[in-house]
Amino acid sequence: MKLILLGAPGAGKGTQAEIISENYHIPSISTGNILRAAIAEGSELGLEAKKFMDQGALVPDEVVVNLIKQRLSQSDCANGFILDGFPRTPAQAETLEKMGVSIDAVVSIEVPDEAIIERMGGRRCCESCGASYHVKYNPSERGELCEKCGGKLVIRADDNPETVKKRLDVFHSQTEELKEYYHSKGLLKIVIGQEEVADTTAEMSKVLESLK
Ligand code: AP5
Ligand code: ZN
């Protein structure tokens with residue numbers, strides 16, 4: 001199964017991608033996590049990406065496209081994958097299509113902006129594996145540590161209210177139009193992401209079962 005998750009920052013793409021990845025035994029590929037890992041390594045790519053990410057802006061298409069090309073060529077992607085946070089612009093979507101990747105479905109997780117701003121204040125992310133938690137809605141069973149890998153949970157650098165607002169603006173102006181693009185290809189599925197995590201997962205499961 002080859003899936004794309006679309007949605008605003010904080011819509012729950014990463015949370016659902018991890019669940020689908022475990023249930024369907026396919027890798028979840030987050031361009032945001034790959035870029036944050038590059039920043040943590042202090043690589044040239046990371047230093048360049050950080051300038052954009054700290055502003056809540058998109059990293060240039062060619063940088064992200066190269067990362068995705070490398071990642072999708074790895075052997076664990078042969079049986080499918082979930083793309084979380086890519087594509088994010090029409091140019092990225094067109095590149096993916098030109099690569100000959102045939103996507104089974106594009107699931108848009110829909111959450112109103114007000115709910116997102118409220119959520120982001122309580123998000124905590126694992127600094128080692130990138131897993132996402134929430135102090136109220138999705139706490140880690142290990143408190144300040146990641147349930148999956150034991151890594152430390154931290155507040156992401158771009159989760160301050162000002163940058164979240166910028167990221168939402170960028171989503172509405174550059175990414176949301178991809179819904180129309182994938183709708184026109186008959187691939188778009190809508191999932192309401194405003195209820196609890198388990199409700200979104202249940203909705204998502206219905207969509208994924210319908211693809212079989
Ligand atoms: P990225 O890391 O992709 O961030 P994002 O798209 O802004 O999405 P988030 O990770 O913030 O949110 P999410 O939808 O995964 O939500 P989550 O599951 O964590 O990108 C960061 C930056 O990298 C970009 O700004 C850009 O600069 C760059 N970048 C990345 N990809 C790029 C690309 N393709 N092109 C160019 N630049 C790129 O959930 C959010 C919170 O809510 C969590 O606390 C979670 O526990 C909680 N939660 C989840 N579901 C629910 C629910 N149903 N109810 C209540 N709480 C919930
Ligand atoms: Zn972790």
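Here is the tail figure for the range 88-140: Cα pairs spaced more than 12 Å apart come to 76 percent of all pairs.
Short-range pairs are left out: with C-alpha atoms under 8 Å and at least six residues apart, the relative contact order of the chain is 30 percent.
Taking the Cβ of Pro161 as the centre, find all other residues whose Cβ is under 14 Å away and add up their charges (Lys, Arg: +1; Asp, Glu: -1). Before the final figure, lay out each step's value.
Numbers: positive: Arg119, Arg123, Arg156, Lys165, Lys166, Arg167; negative: Asp113, Glu114, Glu118, Asp158, Asp159, Glu162, Asp169.
Once positives and negatives cancel, what remains is -1.
Restricting the calculation to alpha carbons of the range 113-212 gives Rg and Dmax of 15.9, 44 angstrom.
Put a dot 7 Å past the Cα of Ile155, heading toward its Cβ, do the same for Glu94, and the two dots end up 4.0 nm apart.
Can you compute the FRET efficiency between Ser75 and Ser184 using 1/(1 + (r/R0)^6), with r the Cβ-Cβ distance and R0 = 35 Å? Round to the nearest 0.05. The pair Ser75/Ser184 has a calculated efficiency of 0.60.
Residues Leu96, Leu47, ranked from the fewest to the most other C-beta atoms within 10 Å, line up as Leu47, Leu96. Centre-to-centre, using Cα atoms only, the range 1-53 and the range 133-156 are separated by 17 Å.
Computed from the Cβ-Cβ distance with R0 of 25 Å, the FRET efficiency linking Tyr137 to Ala37 stands at 0.50.
Tell me whether the chain comes out rounded, prolate or oblate; compute the Cα gyration tensor, take square roots of the eigenvalues as a ≥ b ≥ c, and use a/c under 1.5 as the rounded threshold. Intermediate results must be reported in sequence, preceding the final value.
Details: a/c = 1.27, a/b = 1.12, b/c = 1.14.
Because its axes are fairly even, with a/c under 1.5, the chain counts as rounded.
Give me the number: length gained by fully extending Ser205 to Asp61, i.e. 0.36 nm times residue separation minus the C-alpha to C-alpha distance, one decimal in nm. Don't skip to the end; give the middle numbers.
Numbers: separation 144, 0.36 × 144 = 51.84 nm, distance 3.09 nm.
My answer for the length gained is 48.7 nm.
Of all lysines in the structure, those lying under 21 Å Cα to Cα from Lys212, and not within fewer than 8 positions of it along the same chain, are Lys2, Lys185, Lys189. Local charge for Pro27 was computed over the other residues whose Cβ lies under 9 Å away, with Lys and Arg +1 and Asp and Glu -1, and equals 0. Within the range 74-168, the chymotrypsin sites (Phe, Trp or Tyr not before Pro) that combine a DSSP coil assignment with at most 14 other C-beta atoms in a 10 angstrom radius are Tyr137.
No value in this document is a laboratory result; all are computed from the given coordinates. Since we're looking at a predicted model, the values are computed, not measured. Cβ coordinates were reconstructed from backbone atoms using ideal geometry, including for glycine residues, and neighbour counts include every protein chain displayed.
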